[in-house]
Amino acid sequence: MTDLTCFKAYDIRGEIGVNIDEGVAYRVGRAAAQHLGAKSVVIGFDARETSPAFAAAAARGAMDAGADVSDIGMAGTEEMYWAVTEFGACAGIEVTASHNPINYNGMKIVKSGSRPLEDAEDFQKIKALAGSQAWSPAPQVGTMRDITLLARRHYVERVAGFIDAAKLSPLKVVINSGNGAAGPTLDALTQHIAARGSPLEVIRVHHDPDPAFPNGIPNPLLPANHAATADVVLREGADMGVAFDGDFDRCFFFDGAGRFVPGEYVVGLLAEIFLKKEAGAQIVHDPRVIWNTQDIVAGAGGVALQSKTGHAFIKQAMRTSAAVYGGEMSAHHYFRDFAYCDSGMIPWLLVAELISTSGLSLAELVDARFGAFPSSGEINFKVEDAGAAIARVVKTYKDRALSVDETDGVSLAFEDWRFNLRRSNTEPLVRLNVEARGTGRDVHALAAELAELIGAEP
């Protein structure tokens, strides 16, 4: 594999045996360590069948480049992030394909301080080096140490530190790990907070890691996958449900009625939580659905900052502004006090604490927001020419718009509604989001009008 097509826009992912294998993993590990001048690298992996072997290959590559490797075993991507910062490593690699099909695998890489790779300066150079295999001789081969237990203990302590466990009420929480990597970490976390006074009752669903994914690939964003969590919430009379993707850097919420809570409303909820803890703080959000978040932040005395979609952009905006929290509607949530990284475990703890201290249910916390700022959710259209499709929409609506924003794709705002239309970085898709102020506007009817101009069925 000389043409490394597994390098995508933000990370590395490919079909096993087609464009990614142990050999590629070795080359990526060596190239990353060499390019970054890494003396130490943290490596973890998800629950997929090939992930341990790919991680071992990446470790060999890093060691051949002269780096010492800290092995954290099966762990979530966020555990790798935190270990890089906590132990002062020069780089980190997580072997994961997250929610991709079972025959896929991939890798996520960060540099020191858990900072994302710069595309031109880092990612593309690692790709080129892995392709050419122009290896520099290392003074000596690096060593490997197993820090699985140590890393998890430090991670759990940091995550649990975001709440006061003793303030939690005896909520019943359904947590669906999707047979991914989340289960063992969840067990360690819940044991830790229980020892500190948490009375939470956690009902585990699809809990044990299983590389066969007998209940399907964990992608809770898909409506077809909602019932696996929602049905248990209803059956158990739970206060809320939480579902993770494969490497649990995203979490998805269900209220006590089993209703899925879209990510854009979770962003607003978490923003409000942090502004109660830190008055006047800055909050970063993506540009797809914004009005609910901006309204909450303004009402709570904070400052809302908009960033281009994508973890590298959100994290950079947060670092530049020292923002306490950043959120994307896609269920990525970022925290200043977690090395500016995203976490799937921190959000559900914060929401559980808010329910406990406010005396309000999750439904009561979000119902008013649904009505005030209805949202279509993200609608994807497969098109032959994304640029032409977007141009048709802009031409039709631009003269009527009160504002035009090109932070990410194009956003046009009108008196009581707005939309964002952007092309996918990896697929022949355009992605549409429509939102309104609570004026009776039908966001789905508006989306249908836009779909006609886009010229494709969702």
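For the reader, a short list of remarks on this structure follows.
- Shape metrics for the range 379-454, restricted to C-alpha atoms - Rg then Dmax, Å: 11.9, 36
- Counting beta carbons within 10 Å around each of PHE248, PHE162 and listing the fewest first gives the order PHE162, PHE248.
- Cα→Cβ-extended label distance, 7 Å offset, between ALA134 and LEU360, nm: 5.8 nm
- P(r) tail fraction, the range 262-342 - alpha-carbon pairs more than 16 Å apart, %: 38 percent
- Prolate/oblate/rounded call for the range 141-261, Cα gyration tensor, a/c under 1.5 rounded: oblate
- Whole-Hz Karplus values for the range 91-105 come out as 6, x, 10, 10, 8, 6, 10, 6, 9, 6, x, 5, 8, 10, 8 Hz, taken residue by residue from phi with 6.51 cos²θ - 1.76 cosθ + 1.60 and θ = phi - 60°; glycine and proline positions read x.
- The order of ASP249, ASP416, ASP239, going from fewest to most other C-beta atoms within 10 Å of their C-beta, is ASP416, ASP239, ASP249.
- Part-to-part distance (alpha-carbon centres) for the range 1-42 and the range 385-415, which is given in Å: 37 Å
- Estimated at 0.36 nm per residue, the fully extended path between GLU201 and LEU222 surpasses their Cα-Cα distance by 4.9 nm.
- The lysines within cross-link reach of LYS111, meaning a Cα-to-Cα straight distance under 27 Å and a gap of 8 or more places when in the same chain, are LYS8, LYS39, LYS125, LYS127, LYS308, LYS315.
- Sorting LYS127, LYS277 by the number of Cβ atoms found within 10 Å of their own Cβ, with the fewest placed first, yields LYS277, LYS127.
- With both labels modelled 7 Å from their Cα along Cα-to-Cβ, the VAL303 to ALA166 distance reads 3.5 nm.
- For the range 12-149, taking the reciprocal of the average inverse distance between every pair of different Cα atoms yields a Kirkwood hydrodynamic radius of 14.3 Å.
- Amide hydrogen neighbours beyond the local backbone of GLU118, cut-off 5 Å, H modeled: PHE123
- The range 224-272 versus the range 339-375: alpha-carbon centroid distance in Å: 10 Å
- For the chain, the relative contact order is 12 percent, taking Cα pairs closer than 8 Å that sit 6 or more residues apart in sequence and dividing their mean separation by the residue count.
- Adding -39500 (n - 2.57) for every DSSP H run of four residues or longer, then dividing by how many residues the chain holds, sets the calculated 222 nm ellipticity at -11500 deg cm²/dmol.
- The phi-based Karplus calculation (6.51 cos²θ - 1.76 cosθ + 1.60; θ = phi - 60°) puts the 3J(HN,Hα) values of the range 39-56 at 8, 8, 9, 8, 10, x, 8, 8, 8, 5, 4, 8, 4, x, 5, 5, 5, 4 Hz, whole numbers, x for Gly and Pro.
Rule-based calculations on the coordinates, nothing more; no lab input. Since the structure is predicted, the reported quantities are computational estimates derived from the model, not experimental observations. Positions of Cβ are generated from backbone atoms using ideal geometry, with glycine treated the same way; all protein chains shown enter the neighbour counts.
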